[in-house]
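Below: the structure, in structure tokens.
The values are calculated or read from the model by the stated rules, or taken from the named source; none is laboratory data. Computed from a predicted structure; not experimentally measured. Every residue, glycine among them, receives a Cβ derived from its backbone with ideal geometry; neighbour counts consider all protein chains shown.
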Amino acid sequence: MWLALTIGNSRLHWAWFKGKTFCGAWDTEYLSAAIVEQMNQPCGRGKFNSEILAASLIQELDAVEEIVGDGFHHRDRPLPLYLASVVPQQTAIWQNYHDVRTIALDQIPLQGLYPTLGIDRALAVLGAGEVYGFPALVIDAGTALTFTGADAARRLVGGAILPGLRLQLQSLAQGTAALPEIELAGALPPRWALNTSLAIQSGIIYTVLAGIADFIDAWRQEFPQSRIVLTGGDRTLLLNYLQAVFPQVAAKINTDPHLIFWGILNTPQP
Ligand SMILES: Nc1ncnc2c1ncn2[C@@H]1O[C@H](COP(=O)(O)OP(=O)(O)OP(=O)(O)O)[C@@H](O)[C@H]1O
Ligand SMILES: CC(C)(CO)[C@@H](O)C(=O)NCCC(=O)O
Ligand SMILES: [K+]
């Protein structure tokens, strides 16, 4: 039994596995150094680790209970924790976990990676290629919105980085006097908006959709048979918008929330 933890710029993403079998995934807020230390202590079944749960936004409670019921231990050993992080301050906290195994770029079986490439991007494109086939283009709609493509020879072709949807909304609110911070409702705004909230939504949504459609178009000119996989916290929202505005583009896209975990499964580990 082992855990995978990916640390993004907004939150933590967890999965647990038995051997090669995926058992469940959930997201939590960042955890404190004190809680990491607590995870090193076996707490025994029944002494449920409520602080870890309290810190969590748990989607698969049963899976989590089975793990933390033994205090992140299995037969008195801490569960191995495979860590992929793009947040150095958070990486540092997790180095205190007793059996942490940090995944680095040199363990990723892809060619042509550049030294500062995010490990999340490398793992996601590896996972997409392994599950859906190479060549693969990953669109990760997370804190940052990224495109990452690899060819049939498992070589990184490259990609692009822009602010994610929430970050675009936040930066407008923070950098201006009059613009409020709004949330995307899920309904498509009119393109030619007649109030401030809808104008912000229109600007961000239609430019991001046009950008995504254009990147996909450019990718498909080079790799007509390529799979295209959308992941990240905003994947569903974006796919819904895409289906409404560019249905032919949306029809070519798979969504998968767990690409990074499929990548971790395909790096050297037990
Ligand atoms: N509970 C939540 N906390 C943060 N973001 C959320 C939440 N629920 C949905 N989201 C959406 O998910 C996006 C963040 O995506 P995600 O959680 O995949 O990012 P991340 O993995 O933390 O960051 P990175 O881009 O570094 O991988 C935000 O733009 C936001 O709109
Ligand atoms: C782009 C993010 C923030 C996306 O999570 C991450 O992959 C990262 O910090 N990357 C480093 C820069 C790069 O990938 O070129
Ligand atoms: K930075």
Answer from LEU194, LEU184, LEU169, LEU198 - the residue that is surrounded by 13 or more Cβ atoms within 10 Å (Cβ to Cβ) and out of contact with any Asp or Glu (no Cβ under 9 Å at 6 or more places or on another chain): LEU198
On the basis of being surrounded by 15 or more Cβ atoms within 10 Å (Cβ to Cβ), closer than 26 Å to LYS20 by Cβ and touching a Phe, Trp or Tyr at 6+ places or on another chain (Cβ under 7 Å), does GLY159 make the cut? no
Among (1) within 13 Å of ligand 1 (Cβ to nearest atom); (2) out of contact with any strand residue (DSSP E or B) (no Cβ under 8 Å at 6 or more places or on another chain) - the single one LEU105 does not satisfy: (1)
Of the conditions (1) in contact with a helix residue (DSSP H, G or I) (Cβ under 8 Å, 6 or more places away or on another chain); (2) farther than 25 Å from VAL245 by Cα; (3) assigned to a loop (DSSP other than H, G, I, E, B), ALA185 clears all except one; give me its number. (2)
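Only one of ASP70, ASP27 is modelled with pLDDT under 90, touching a Lys or Arg at 6+ places or on another chain (Cβ under 9 Å) and farther than 20 Å from PHE261 by Cα; which?
Residue meeting the stated conditions: ASP70.
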Please specify each residue of region 139-159 satisfying the condition of being more than 11 Å from ligand 2 (Cβ to nearest atom) and farther than 18 Å from GLN107 by Cβ. ILE139, GLY149, ASP151, ALA152, ALA153, VAL157
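Conditions (1) modelled with pLDDT of 95 or more; (2) closer than 16 Å to GLY232 by Cα; (3) among the hydrophobic types (A, V, I, L, M, F, W, C), marked per residue:
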site: VAL131; (1), (2), (3): yes, no, yes
site: LEU145; (1), (2), (3): yes, yes, yes
site: ARG166; (1), (2), (3): yes, yes, no
site: ALA177; (1), (2), (3): yes, no, yes
site: LEU188; (1), (2), (3): yes, no, yes
site: TRP192; (1), (2), (3): yes, no, yes
site: ALA199; (1), (2), (3): yes, no, yes
Of all residues in region 109-135 being more than 11 Å from ligand 1 (Cβ to nearest atom) and touching a Ser or Thr at 6+ places or on another chain (Cβ under 6 Å), which is farthest from ILE205 (Cα to Cα)? PRO135
